[in-house]
Amino acid sequence: MPAAEGSSSGLGRWHAVGFVAPAFALIGVFLVFPALWTLYIGLTNYRLTGAAARQPEIVGLDNYTRALSDPTFYNSLWLTLLFVLGSAVIGQNVLGFLLAYSLRATAPALRRVVQALVLLAWVLPSSVVAFLWIAMLDRDAGTVNAVLGGSTAWLVEYPMAAIIVFNTWRGTAFSMMLYGAALTSVPPSHLETARLAGSGSWQTLRDVVLPHMRRYALTNTLIITLWTFNDFTPFLLTAGGPNRESEVVPVYIYNTAIVGGEMGYSGAVSLIVLLINLLLALVYLRAAKVRVPS
């Protein structure tokens with residue numbers, strides 16, 4: 001009997017391994033291998049064309065020292081910071097919460113219509129919504145200029161403002177859904193107590209609702225920050241121009257690797273960006289450990 005039990009438990013372990021093996025294989029192929037490959041090419045002078053494409057040479061940390069002394073790279077980091085703060089940390093967070101908080105008291109039919117319209121901006125392909133915004137912001141026949149009665153080339157004169165507004169409009173759906181679910185966790189008894197105590201809408205929001213939203217806000221901010229930091233969609237609107245004025249980090253890596261052909265250097269930059277993402281995640285996770293006031 002003990003031998004039978006041992007063979008049965010061993011068989012169960014192999015069954016468990018068989019179930020998780022496909023997942024580990026996918027992680028290895030699409031995550032681990034690309035990460036190791038990026039680490040390798042970041043140590044070489046690998047290029048898309050020429051002799052270095054066929055026989056790349058190890059250059060050590062030269063690519064990393066170059067990146068850390070490259071003002072163009074720091075410019076892309078600064079623009080990415082503005083892009084993340086404007087469209088994710090502030091734009092999507094605030095607009096998503098306001099939509100979720102406003103819709104909780106509206107008629108179900110109206111709430112479903114608004115949610116569907118906001119979700120539509122999120123689920124449509126990036127190329128489609130980018131084309132729509134390019135047409136809307138066009139200087140000669142764009143909708144915005146037709147409404148305002150002007151002739152502003154928005155994507156040329158205000159490229160960063162344009163992609164910040166675009167990304168806020170496109171990504172607010174996730175924040176709206178997360179905050180909508182989070183608002184259901186606020187105890188009705190707390191809301192009733194605040195009402196009986198004579199608290200107004202703003203006081204109830206400040207003293208009852210927002211304290212319960214803290215962990216959800218941190219989780220939402222972490223997710224949308226990492227998404228936005230690595231978002232390539234701005235390339236579809238401005239391609240990083242004009243004159244690198246909207247060249248956020250993902251676009252900078254693309255222009256360096258594909259347009260410039262410097263795969264080794266772009267690999268080093270990609271690893272630096274990965275470390276920045278990990279640092280941001282650690283900061284948010286540490287902040288989330290602070291006890292939420294009850």
What about Asn145, is it buried (at least 16 other Cβ atoms within 10 Å of the Cβ), over 19 Å from Gly241 (Cα atoms), in contact with an Asp or Glu (Cβ under 8 Å, 6 or more places away or on another chain) and assigned by TED's automatic domain parsing to the domain that holds Gly241?
-> yes
Determine which member of the set Ser151, Ser199, Ser185 is among the small types (Gly, Ala, Ser) and free of Cβ contacts under 8 Å to residues at least 12 places away in the same chain.
-> Ser199
Out of all the residues in the stretch 96-108, is one or more among the polar types (S, T, N, Q) and closer than 25 Å to Asn230 by Cβ?
-> no
Could you list, in sequence order, all residues of the stretch 46-85 that are assigned to a loop (DSSP other than H, G, I, E, B) and either touching a Cys at 6+ places or on another chain (Cβ under 9 Å) or over 30 Å from Ala161 (Cα atoms) (or both)?
-> Tyr46, Arg47, Leu48, Thr49, Gly50, Gln55, Pro56, Glu57, Val59, Gly60, Leu61
Out of (1) modelled with pLDDT of 90 or more; (2) more than 20 Å from the chain's Cα centre (by Cα), the odd one out for Leu236 is which?
-> (2)
Please enumerate the residues belonging to the stretch 15-45 that are in contact with a Gly (Cβ under 9 Å, 6 or more places away or on another chain), of a type in the set (A, V, I, L, M, F, W, C) and either over 22 Å from Glu262 (Cα atoms) or assigned to a loop (DSSP other than H, G, I, E, B) (or both).
-> Leu43
Enumeration of residues in the stretch 57-89 that are surrounded by fewer than 14 Cβ atoms within 10 Å (Cβ to Cβ) and over 19 Å from the mean Cα position of the chain (by Cα) | Glu57, Ile58, Gly60, Leu61, Thr65, Leu68, Ser69, Pro71, Thr72, Tyr74
When (1) small (Gly, Ala, Ser); (2) surrounded by fewer than 18 Cβ atoms within 10 Å (Cβ to Cβ); (3) over 17 Å from the mean Cα position of the chain (by Cα) are applied to Gly180, the one that fails is (2)
Asn63 within 22 Å of Phe229 (Cα to Cα), out of contact with any helix residue (DSSP H, G or I) (no Cβ under 7 Å at 6 or more places or on another chain) and modelled with pLDDT of 90 or more | no
Scanning the stretch 231-254 for residues that are among the small types (Gly, Ala, Ser) and out of contact with any helix residue (DSSP H, G or I) (no Cβ under 6 Å at 6 or more places or on another chain), the one nearest to Leu274 (Cα to Cα) turns out to be Ala239
Taking interchain pairs and intrachain pairs at least six residues apart, which have beta carbon atoms under 8 angstrom, with the first residue in the stretch 43-72 and within 25 Å of Arg244 (Cβ to Cβ) and in contact (Cβ under 8 Å) with a residue 24 or more places away in the chain and the second in a helix (DSSP H, G or I) and of a type in the set (Phe, Trp, Tyr)?
-> Asn63/Tyr265; Arg66/Tyr265; Ala67/Phe73; Ala67/Tyr265; Thr72/Tyr252
Restricting attention to the stretch 242-294, the residues that are more than 23 Å from Gly42 (Cα to Cα), of a type in the set (A, V, I, L, M, F, W, C) and surrounded by 15 or more Cβ atoms within 10 Å (Cβ to Cβ) number exactly 1
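The values are calculated or read from the model by the stated rules, or taken from the named source; none is laboratory data. All of these numbers come straight from a predicted model, not from anything done at the bench. A quick note on method: Cβ atoms are made from the backbone with ideal geometry, for glycine too, and the neighbour counts reach across all protein chains shown.
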